[in-house]
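For reference, the structure discussed in these notes is given below.
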Amino acid sequence: MTHVEPTVVTVPDAESVFQAAAERIVSLITERVAASGVCTMALAGGSTPKGLYERLAQEPFRQQIPWEHVTVVWGDERYVPYDDPESSYRMAQEALLEHVPIPKDNIIPVPTHFPTPDRAARTYHVMIEHVFEIGGLDIVLLGMGDDGHTASLFPNHPALDAAADQFVVAVEDAPKPPPQRVSLTLSTINRAAHVIFLVTGEGKAAAVKTVLSPSQNPDQTATLPAQRVQPTNGQVWWFVDAKAGEMLSTNTSEI
Ligand code: 6PG
């Protein structure tokens, strides 16, 4: 397994993070569609991606993306109904998907109507298995919490140890509310071609430093979930604003 160093893009503020990430995503989608005719992207939850989604729904990005060839799934979901204010599906719909010509059949949310997250995770596993049968995950968008969690994979949680062939895992006791969630597993995320982290704000500076400067934190090596996102044959991109990146040394790669 070759570990490719992440590309860290540090920009002044959150709006610049959304702009830079949108430009990168347009390039990746258009390249992928030109090469294979389809592009599958996993959307992130949390508050940070909303600004990116709103930007992708506006010109020039809206018309630059071949939406009819794009399929979206979710990297994780809070286990709430689709109309709940906490629903990541609802957020993506309102900020992005309702405003672009993506076919309805190409939108594959985590089902949240089953009696338990575990039942939903088993069903979503089959859906994600199909995604891999038709070409795999081209882009996974992720946020990160100030404790280093990503998707719904929290530090020291058993969900991190899901079997390598398990695409999706249920979480019943997340430390960040709501406690019930469904998430792609680390091994699934690590099969992606491109993983894009969006991180803003000073509250995340210490976690950003730990994840991106492991040699300066030898006791922390690969313990945080975000740090364990290391695609086997893929590229990781970090788009961080100045506050989130303030503890990084200047020798991280910037473009
Ligand atoms: C969720 C997420 C979670 C999120 C981070 C960052 O809670 O839905 O999947 O991993 O991305 O907690 O959240 P913010 O962007 O709101 O800081």
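Round to a whole number: what % of the accessible area of the chain belongs to carbon and sulfur, probe 1.4 Å? It would help to have the intermediate numbers written out before the result.
On the way: 5560 of 11100 Å².
The nonpolar share, carbon plus sulfur, comes to 50 percent.
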Taking 10 °C and 1.306 mPa s as the conditions, I'd like the Stokes-Einstein D for region 36-188 in µm²/s, using the Kirkwood hydrodynamic radius from alpha carbon pairs. 101
Long-range amide H partners of V8, meaning residues 5 or more apart or on another chain whose placed amide H is closer than 5 Å, are W238, S253
What is the packing order of peptides 227-239, 147-159, taking the mean over residues of other C-beta atoms within 10 Å and listing the highest first? 147-159, 227-239
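May I ask you to derive the FRET efficiency for E31 and Q58 from their Cβ-Cβ distance with R0 = 22 Å, giving the value to the nearest 0.05?
Working: r = 21 Å, r/R0 = 0.98.
Between E31 and Q58 the formula returns 0.55.
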P(r), alpha carbons of the chain - 10 Å bins starting at zero, rounded %: 7, 33, 39, 19, 2
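Taking square-rooted eigenvalues a ≥ b ≥ c of the alpha carbon gyration tensor, is region 5-58 rounded, prolate or oblate, where a/c under 1.5 means rounded and, failing that, a/b exceeding b/c means prolate? It would help to have the intermediate numbers written out before the result.
Working: a/c = 1.93, a/b = 1.49, b/c = 1.29.
Because a/c hits 1.5 or more and a/b exceeds b/c, region 5-58 counts as prolate.
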Just the number, please: Stokes-Einstein D of region 13-93 in µm²/s, Kirkwood Rh from C-alpha pairs, 20 °C, 1.002 mPa s. 160
In the chain, what % of DSSP beta bridges are antiparallel (nearest 5)? 25
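Kirkwood Rh, Cα Rg: Rg to Rh for region 118-240? Present the calculation step by step, with values, prior to reporting the outcome.
Working: Rg = 14.2 Å, Rh = 14.8 Å.
Reported Rg/Rh (Cα atoms, Kirkwood Rh): 0.96.
Using Stokes-Einstein with the Kirkwood hydrodynamic radius over Cα pairs, what translational diffusion coefficient do you get for region 46-121 at 20 °C and a viscosity of 1.002 mPa s, in µm²/s rounded to a whole number? Intermediate results must be reported in sequence, preceding the final value.
Values: Rh = 13.2 Å.
Rounded to a whole number, D works out at 163 µm²/s.
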Residue separation between E5 and S249 times 0.36 nm, minus their alpha-carbon distance, gives in nm 86.3 nm
Within the set of other residues whose C-beta is less than 13 Å from the C-beta of T150, count the net charge using Lys and Arg as +1 and Asp and Glu as -1. +1
Is the C-alpha gyration tensor of region 147-199 telling us rounded, prolate or oblate? Criteria: a/c under 1.5 is rounded; beyond that, a/b larger than b/c is prolate, otherwise oblate. oblate
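Counting only heavy atoms of the protein chains, get the accessible area per residue of the chain (1.4 Å probe) and round it to a whole Å² value. Show your work: numbers first, answer last.
Numbers: 11100 Å² over 255 residues.
Solvent-accessible surface per residue comes out at 44 Å².
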If you stretched the chain out fully between E23 and E133, how much longer would it get, using 0.36 nm times the residue separation minus the C-alpha to C-alpha distance? 36.8 nm
Please give the Cα centre distance for region 52-101 versus region 103-172, rounded to the nearest Å. 17
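When the helices in the chain are scored as -39500 (n - 2.57) per DSSP H run of 4 or longer and the sum is shared across all residues, what 222 nm value do you end up with, to the nearest 500 deg cm²/dmol? Provide the component values of the computation, followed by the final result.
Working: 7 runs with 72 residues, N = 255.
Estimated from H runs of four or more residues: -8500 deg cm²/dmol.
The values are calculated or read from the model by the stated rules, or taken from the named source; none is laboratory data. This is a predicted model, so every value here is computed, not measured. Virtual Cβ from ideal backbone geometry, glycine too; neighbours counted across all protein chains shown. Heads up: the accessible areas ignore ligands, DNA and RNA and are worked out on the full protein's heavy atoms, side chains in. Shrake-Rupley method; radii C 1.70, N 1.55, O 1.52, S 1.80 Å.
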